[in-house]
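Undergrad: Shown below is the structure under consideration.
The values are calculated or read from the model by the stated rules, or taken from the named source; none is laboratory data. As the structure is a computational prediction, the values presented were derived from the model and not from experiment. Neighbour counts are summed over all protein chains in view; Cβ atoms, including those assigned to glycine, are modelled from backbone coordinates with ideal geometry. Calculation scope for accessible area: heavy atoms of the full protein, side chains included, ligands and nucleic acids excluded. Shrake-Rupley method; radii C 1.70, N 1.55, O 1.52, S 1.80 Å.
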Amino acid sequence: MTSTQQQSQTAEEIEQYDVIIIGAGVTGLYALWRLRQLGFSAHSFEEGSGVGGTWFWNRYPGCRFDSESYTYGYSFSEELLQEWDWKEHYSGQPENERYLNYVADKFDLRRDIRLNSRVMSAVFDENENRWEVVMEDGYRARGQFLVTSVGILSAGYVPEFEGKDSFKGVSCHTGRWPQEGVDLAGKRVGVIGTGASGVQLITEIAKEVSHLTVFQRTANFCAPLRNSPIDDETQREIKENFPEIFKKCLETPGSFVHEFDPRSAMSVTPEERLEQYERLWQKSGFAKWLSNFYDVMMPGEANEDYAEFFRNKIRERVNDPVVAEMLVPKTHMFGSKRLPCESGYYEVFNQDNVLLVDVREAPIERITPAGIKTKDAEYNLDVIVFATGFDAVTGSLNRVDIRGEGGQTLKDKFANGPRTYMGVQSAGFPNLFTINQASVGNFVRAAEPLVDWVTEAMAYVRDNEYSLISASPQAEEEWTQHVADAGAKILRSQADSWFVGANIPGKARGLLTAPDTAPVMRAKRDDVAANGYEGFLLQ
Ligand code: N01
């Protein structure tokens, strides 16, 4: 059926479930599995034509994990852990998508997933105490509970450049890369954006395009990923050590295997400091900052000291000193934006066919039929790639018209920033769990315990013969204040990025993800559950 053919069901034909899940990405798939284990009937509605969420949509060249593959996969099934072989330390999108499809097949999840089903609205029926969701094709379903597994970075953002639709060539966003791919070989390509997506993409496509123009607004601190294949012996070791690997991840602030050095950078001699920086620089992945002196990730002298080390590393790799200075980040603190990992990014700018354009100096004025016009010049292009990021967290919720008690919309309620209790519920929206809000860091490590908690909360409601759970207005008020207070202090709130909604014009500024470390968030949630879901109203 195509999306233009409208479905119409009689009231009797509308499927009734205990739980409706929006999305069949990493959290949606796991929520489905967990809910089945707990004896719920659950069904997921997924916009894509395949499962995988982030790993279905972000199929741009170069897309891959920055977390170690074996720390990112699910931990819930020992059988799965033992039979799946991650081929690389930092696995690429094609394999990640294959993995999530493998999980869907292995656990027979597909029979409860409806693909090609973009949910347009979700309305709470106060007479029946049930949520009704309506898809783009008109199909309806009802459930007692609603779980939004819609991802934190899934609503792509393309700036409102004048003339955006006039371009005669091909254009696309990294987060909606066409399934059939984009032919870039021998083409003149322009990329707008140098965040984690842009950095991965630019490095990969520079190998095949005839000419590449990179439109950079803010230079980033990027560090070598140092990816490599996993050999047989390492594979065996990983499989033997999963309990320790996951235990370690659970203990660290961002759920990674890397642990901070408890020493201050400033408590050791400059020589010792440099020796540690250089040693970590040779390591793969996020070790370079998450295993470093604890205070490099706090505003202050240590942070600036390490930032300068990074800047010099960039200068060493770029031949033209003028281009090198353009690539050196000077406008934000190290770690205040997400650090992209790279595999030869800076060397791309030594290629003769690559041009770096500073659009802070010469802003993009408009997109033309032939390419991009900045204040200083016009660039003729065959392809424009928007690596311009996402309307994070609330963007993906806002794509669904969610209406709670009294017909109030979640979009209106969140107009000045999310108002939730623990990131998972908002007062006036009973039995709705916004699972995309409360997790950040090594995503699956933080998301699995969150899904466990949410699904157990539903089981508590059922087993104690309640029918509704909703955040109390007071608990919501206190939590929202806590997010504002704690959020204002942390490093990632200090720069203008998606973490605080500052990348979207007009979006209210405020921390969009968990305000506490992963262990603290888990402990708080556990306390709430142990105290009979304190802060929630049960009826
Ligand atoms: O998006 P971003 P992303 N004119 O928002 C620029 C995750 N991720 O898709 O910095 C010109 O970081 C913008 O410039 P500025 C990861 O959590 C993970 O790259 O705002 N430029 C910036 O350079 C990451 O943080 C992985 O000045 C404009 C870029 O577009 C998150 O996704 C891989 C502009 C957007 O960068 C988002 O990353 C990839 C304009 N009007 C992503 N508007 C892995 O785990 C925006 N920009 C591997």
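Undergrad: Give the aspartates and glutamates reachable from LYS507 as a straight Cα distance under 14 Å; neighbours fewer than 8 places away on the same chain don't count.
TA: Within the straight-line cut-off, LYS507 pairs with ASP391, ASP412, ASP496.
Undergrad: Please work out, to two decimal places, the log10 of the ratio I(q)/I(0) at q = 0.10, 0.11, 0.13 Å⁻¹ from a Debye calculation in which every Cα of the chain carries one identical scatterer.
TA: Here the Debye-derived log intensity ratios amount to -0.85, -1.04, -1.43.
Undergrad: Helix 518-530 sits at what angle to the longest principal axis of the chain, using alpha carbons and giving 0 to 90 degrees rounded to 10?
TA: 10 degrees
Undergrad: Near ALA42, within a Cβ-to-Cβ distance under 15 Å, what is the net charge of the other residues, with Lys and Arg +1 and Asp and Glu -1?
TA: Net charge in that neighbourhood comes out at +1.
Undergrad: Using helices alone, I'd like the mean residue ellipticity at 222 nm for the chain: each DSSP H run of four-plus residues gives -39500 (n - 2.57), total over residue count, nearest 500.
TA: It comes out at -9500 deg cm²/dmol, rounded to the nearest 500.
Undergrad: Please list, in chain and number order, the residues 5+ apart from ILE113 or on another chain whose amide H is under 5 Å from its amide H, with Hs placed from the backbone.
TA: Answer set, sorted by chain and number: SER44.
Undergrad: Cα to Cα, under 17 Å, and not fewer than 8 places away if on the same chain: which lysines meet these conditions relative to LYS288?
TA: Leaving aside lysines fewer than 8 places away in the same chain, those within reach of LYS288 are LYS313, LYS337.
Undergrad: How big is the range 387-539 by Rg and Dmax over its Cα atoms, in Å?
TA: That works out to 15.2, 48 Å for Rg and Dmax.
Undergrad: Provide the per-residue ³J(HN,Hα) series for the range 385-393, in order, calculated from phi with Karplus coefficients 6.51, -1.76, 1.60 and θ = phi - 60°, each as a whole number of Hz, with x at glycine and proline positions.
TA: Listing the rounded values in order: 10, 8, 9, 9, x, 9, 7, 5, 6 Hz.
Undergrad: How large is ³J(HN,Hα) for each residue in the range 31-36, as worked out from phi by the Karplus curve 6.51 cos²θ - 1.76 cosθ + 1.60 (θ = phi - 60°), to whole Hz, x for Gly and Pro?
TA: Here the 3J(HN,Hα) series is 4, 4, 4, 4, 5, 4 Hz.
Undergrad: Something else now. Can you give me the % of accessible surface on the chain that is carbon or sulfur? Probe 1.4 Å, all protein chains present, nothing else counted.
TA: 48 percent
Undergrad: I'd like the GluC sites (Glu not before Pro) in the range 464-539 restricted to DSSP loop residues with at most 10 other Cβ atoms within 10 Å, sorted by number.
TA: GLU465
Undergrad: Could you tell me which trypsin sites (Lys or Arg not before Pro) in the range 108-180 are loop residues by DSSP with no more than 11 other beta carbons within 10 angstrom of their beta carbon?
TA: Sites meeting the loop and neighbour criteria: LYS168.
Undergrad: Compute the angle between helix 93-106 and the longest alpha-carbon principal axis of the chain, please, reported from 0 to 90 degrees and rounded to the nearest 10.
TA: Between helix and principal axis, roughly 20 degrees.
Undergrad: Is the range 111-241 best put as rounded, prolate or oblate by its Cα gyration tensor, with a ≥ b ≥ c the root eigenvalues, rounded for a/c under 1.5, and otherwise prolate when a/b is larger than b/c, oblate when not?
TA: Judged from the Cα gyration tensor, the range 111-241 comes out oblate (a/c at least 1.5, b/c at or above a/b).
Undergrad: When the dipole is taken about the Cα centre of the chain, and only Lys, Arg (+1) and Asp, Glu (-1) are charged at their Cβ, what size is it in debye, to the nearest 20?
TA: Approximately 960 debye in magnitude.
Undergrad: A follow-up question, please. Give the peptides 500-509, 192-201, 262-271, 317-326 in descending order of average Cβ contacts within 10 Å, highest first.
TA: 192-201, 500-509, 317-326, 262-271
Undergrad: Next up: Given a 1.4 Å probe, how much area per residue of the range 198-292 is accessible, in Å²?
TA: For the range 198-292, the solvent-accessible area averages 46 Å² per residue.
Undergrad: Using only the alpha-carbon atoms, how far is helix 443-463 inclined from the longest principal axis of the chain? Give it as 0 to 90 degrees, nearest 10.
TA: Helix 443-463 sits at roughly 10 degrees to that axis.
Undergrad: A further question follows. Please give the contour-minus-distance gain from TRP281 to GLN474: 0.36 nm per residue of separation, less the Cα-Cα distance, rounded to one decimal in nm. It would help to have the intermediate numbers written out before the result.
TA: Values: separation 193, 0.36 × 193 = 69.48 nm, distance 4.67 nm.
Extra length available between TRP281 and GLN474 comes to 64.8 nm.
Undergrad: If we count every other residue with Cβ under 13 angstrom of SER264's Cβ, Lys/Arg +1 and Asp/Glu -1, where does the sum land?
TA: With Lys, Arg at +1 and Asp, Glu at -1, the net is -3.
Undergrad: I've got another one for you. Which translational diffusion coefficient, to the nearest whole µm²/s, is obtained for the range 198-342 from the Stokes-Einstein equation, given a Kirkwood hydrodynamic radius over C-alpha pairs, 4 °C and 1.567 mPa s?
TA: Translational diffusion coefficient: 75 µm²/s.
Undergrad: For the range 359-444, which GluC sites (Glu not before Pro) pass both filters: DSSP loop (anything but H, G, I, E, B) and at most 15 other C-beta atoms within 10 Å?
TA: Sparse-neighbourhood loop GluC sites (Glu not before Pro): GLU361.
Undergrad: With a 1.4 Å probe and all protein chains kept in place, how much accessible area does VAL150 have, in Å² rounded to the nearest 10?
TA: 30 Å²
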